[in-house]
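Engineer: Take a look at this one; I'll ask things after.
The values are calculated or read from the model by the stated rules, or taken from the named source; none is laboratory data. What you see is a predicted model; the values in this text were computed from it and never measured. A quick note on method: Cβ atoms are made from the backbone with ideal geometry, for glycine too, and the neighbour counts reach across all protein chains shown. Ligands, DNA and RNA are excluded from the accessible area calculation, which covers all protein heavy atoms including side chains. Shrake-Rupley method; radii C 1.70, N 1.55, O 1.52, S 1.80 Å.
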Amino acid sequence: MYGFEALTFNVHGGYLEAIVRGYHSGLLTAADYNNLCQCETLDDIKMHLSATEYGSYLQNEPSPLHTTTIVEKCTLKLVDEYKHMLTQATEPLSTFLEYITYGHMIDNVVLIVTGTLHERDVQELLEKCHPLGMFDSIATLAVAQNMRELYRLVLVDTPLAPYFSECITSEDLDDMNIEIMRNTLYKAYLEDFYRFCQKLGGATAEIMSDLLAFEADRRAVNISINSIGTELTRDDRRKLYSNFGLLYPYGHEELAVCEDIDQVRAAMEKYPPYQSIFTKLSYGESQMLDKAFYEEEVKRLCLAFEQQFHYGVFFAYMRLREQEIRNLMWISECVAQNQKSRVHDSVVFIF
Amino acid sequence: MSGQTQRLTVVPTVTMLGVMKARLVGATRGHALLKKKSDALTVQFRLILKKIVSTKESMGDVMKTSSFALTEAKYVAGENIKHIVRENVSSAALKVRSYQENIAGVKLPKFEYFIDGETKNDLTGLARGGQQVQACRGAYVKSIELLVELATLQTSFLTLDDAIKTTNRRVNALENVVKPRIENTISYIKGELDELEREDFFRLKKIQGYKRREVERQREAAKAYAEEKVAEEMSLQKGISLSSAHDMLSLAAQKDQDWKVDSDGFVLRWISRNAAAAATSPYYSAAWCNAFTGKGTVELLKDQDHEFEKI
């Protein structure tokens, strides 16, 4: 439809698209979630999961099972699938797949830097990193004594280097609050990813722009809400908003001056897609906002699978897997803590 | 094994009695005071027990809520949120300190928490999950409050329990061992003193009896002697002794074989039988014999029993 991708896509990407669609059909269905919600103990959950694709990962775990173990093993499965796809990919798909994991990489880097600042053990920190965001020289992050060295020695070689240099000069690295640094990096990453997708063109560009715009807008709303009442100034807040997306630039102006959730709601209701989200919430409530955002995201991700011959399916698949792992974590915690009544509060059905 | 309450081994004197009585008074007063202390402590104990029960129940609820808040935070902000939060901490912001409180004489430890410094985590989860993280933080602060309170209550509970046991032990010891012992000692001392008094009294009475009998006997002897003397005086004046003549005749009638026929033999025999009188005053009896026989001299003959002198 966009540029004759149907002619040439399958040459390089056909195999992997098929693989990823196969993975996609292995996601847990609503029936599975219903079964899991009925479980009484974690062993029941393990039994149900052994009938799904997670079976091989969980069957060797001794009981008593812990919720963190379940999450770990499911993440492990995701990592295995990702690596399998990455090794088979060629350019530009391989770059695209790598882009998907830069978010986790940023989280890991920030975690190790924080831990080093507070003098924690490097090995312990490495164990706490997200597996999708690991890169080879990550352990050397702990060697650097301050941020300047950090950048000079380590980060320059990683794919994250441009994010550091674009948004921060090396003086800022020393003083900035960790959270602000993390969010600045993430903003740079999103913009970079957006540009890359635009370069790819075609269906990929359209679908990915939509998904990334939603991500950027969601972050903007969250930043605004979470920085109400903190010492984050309006200018700082505005600096953290990405420069693309539905809210750019006027929505950002409004959000930057918001001091209250209701003001945020007023600002968002001008945009029809987000208006529907905010009508689900009653006045003054923000607990359900995150779940509403997740639901919207899942809807859009599922739509990505409707089209063929684009890279968006890979991104969508990774995100859907992550949501599934979140669901599993929620269900296991509710079962383990005997809060079965709250199970349906946060489970987002994918199928 | 509650053996017989012995008594203390003491010397049973009056001073000892005074000392024992003082000790009994002390023991009684101590017993009353300790009982009051034990009652006060028991009241406190019951109060604390009730509070512990209610705190534990609310503890269960609060912990459940806070773990669930953590789950919500993990759901929204990602599983790594707990690592991120923990690595951002340099030192604890919430600390606990302990101090002592005095309840009815027992020092109970109490804990209270205070906030020392601030961990800068207002911006944690800025892009997603910030609200949940702050809610989780609030929930856990509340559970820490409850935990500190529960710790205080439980340590006071244990300390009070110990103190009550000790006090009750002392009360029982006083009641069942010390006081009976002292009372037994007192009654023993009193008994001993009474016995000594009775001994003394008895001894006194006995000696009085002896003395009285002595005096009586002497008085009798003196009276008899005095009478005889008077009679003899009279008979000497008259030349004959009525009493002795009467006696002699009767005696002669009685005992013949003892009599030697002598001019003044029967007189001598008679004298020998009244040797006591004769011994006391031979001159008197000799004079008497002379007077009786009309002779000038009397020869006292030796006999088996008595010695006669020849005058």
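Engineer: Note the buried accessible area between A and B here, summed over both chains, with a 1.4 Å probe, in Å² to the nearest 100.
Structural biologist: 3300 Å²
Engineer: GluC sites (Glu not before Pro) within the range A:57-133: which are DSSP loop residues with at most 12 other Cβ atoms inside 10 Å?
Structural biologist: In loop regions of the range A:57-133 (DSSP not H, G, I, E or B), the sparsely surrounded GluC sites (Glu not before Pro) are A:Glu119.
Engineer: Starting from the amide H of B:Leu94, placed 1.01 Å from N in the peptide plane, find each other amide H under 5 Å away whose residue is 5 or more places distant or on another chain.
Structural biologist: B:Asp116
Engineer: In nm, give the distance between the simple-model label positions of A:Val257 and A:Thr8, each being 7 Å from the Cα along the Cα-to-Cβ direction.
Structural biologist: With each label point 7 Å from Cα toward Cβ, the separation is 4.9 nm.
Engineer: Taking beta carbons within 10 Å but only from partner chains, what does the mean come to for residues A:328-339?
Structural biologist: Across the residues of A:328-339, the mean count of other-chain Cβ atoms within 10 Å is 3.
Engineer: Let me ask something additional. Search the structure for amide H atoms under 5 Å from the amide H of B:Ile103, placed 1.01 Å from N in the peptide plane, and list their residues when 5 or more places away or on another chain.
Structural biologist: Close amide H contacts, sequence-distant or interchain: B:Leu108.
Engineer: Considering Cα pairs under 8 angstrom that are at least six residues apart, work out the relative contact order of the range A:208-267 and quote it in whole percent.
Structural biologist: Relative contact order comes out at 41 percent.
Engineer: Then there's this: Among B:Ile81, B:Leu147, B:Gln131, which residue has its Cα positioned farthest towards the positive end of the charge dipole of the range B:33-189, with +1 placed on the Cβ of Lys and Arg, -1 on the Cβ of Asp and Glu, and the dipole taken about the Cα centre?
Structural biologist: So the residue furthest toward the plus end is B:Leu147.
Engineer: Order A:197-204, A:35-42, B:133-140 from most to least packed using the mean count of other Cβ atoms within 10 Å.
Structural biologist: Going from most to least packed, we get B:133-140, A:197-204, A:35-42.
Engineer: Please state the charge dipole magnitude for the range B:89-209, taken about the Cα centre, from unit charges on C-beta atoms (+1 on K and R, -1 on D and E), reported in debye and rounded to the nearest 20.
Structural biologist: About 180 debye.
Engineer: With a cap of 14 neighbouring Cβ atoms within 10 Å, and only residues DSSP puts in a loop, list the GluC sites (Glu not before Pro) found in the range A:195-262.
Structural biologist: The qualifying sites are A:Glu231, A:Glu259.
Engineer: Checking understanding here: applying a Kyte-Doolittle mean of at least -1.0 and a length along the axis of at least 24 Å (C-alpha), which whole DSSP H helices in chain A pass?
Structural biologist: A:5-25, A:67-88, A:93-117, A:178-200, A:202-226, A:287-304, A:312-336
Engineer: Given an 8 Å cut-off on Cα distances and at least 6 residues of separation, report the relative contact order of chain A as a percent.
Structural biologist: 23 percent
Engineer: With Cβ to Cβ distances under 15 Å as the rule, what net charge do the other residues near A:Ile70 carry (K, R +1; D, E -1)?
Structural biologist: Local net charge: -4.
Engineer: For the range A:54-63, just list the computed ³J(HN,Hα) in residue order, Karplus coefficients 6.51, -1.76 and 1.60, θ = phi - 60°, integers in Hz, with x standing in for Gly and Pro.
Structural biologist: Working through the residues one at a time gives 7, x, 5, 7, 9, 6, 8, 7, x, 8 Hz.
Engineer: As I understand it, the dipole of the range B:1-55 uses +1 on the Cβ of Lys and Arg and -1 on the Cβ of Asp and Glu, about the Cα centre. Which of B:Val11, B:Ile52, B:Leu41 lies farthest toward its positive end?
Structural biologist: B:Ile52
Engineer: Kindly write out, for the range B:33-40 in residue order, the coupling ³J(HN,Hα) from the Karplus curve 6.51 cos²θ - 1.76 cosθ + 1.60 (θ = phi - 60°), rounded to whole Hz, with x marking Gly and Pro.
Structural biologist: Each residue of the range B:33-40 in turn: 5, 5, 5, 5, 4, 4, 5, 4 Hz.
Engineer: Okay, next question. For the cross-link pairs A:Lys291/B:Lys74; A:Lys199/A:Lys270; B:Lys36/B:Lys190; B:Lys36/B:Lys165, which exceed 22 Å when the distance is taken from alpha carbon to alpha carbon?
Structural biologist: A:Lys199/A:Lys270; B:Lys36/B:Lys190, as the Cα separations exceed 22 Å there.
Engineer: Where a ≥ b ≥ c are the square roots of the eigenvalues of the C-alpha gyration tensor, would you call the range A:205-351 rounded, which needs a/c under 1.5, or, failing that, prolate if a/b is larger than b/c, or oblate?
Structural biologist: oblate
Engineer: If you take each beta carbon of peptide B:67-74 and count the beta carbons of other chains within 10 angstrom, what is the mean?
Structural biologist: 5
Engineer: Now for a different question. Just check chain A against the gyration tensor rule for me: Cα atoms, a ≥ b ≥ c as the square roots of the eigenvalues, rounded for a/c under 1.5, and otherwise prolate or oblate depending on whether a/b exceeds b/c.
Structural biologist: Verdict is rounded for chain A.
Engineer: With the cut-off at 1.5 for a/c, could you classify the range A:221-267 from its C-alpha gyration tensor as rounded, prolate or oblate?
Structural biologist: oblate
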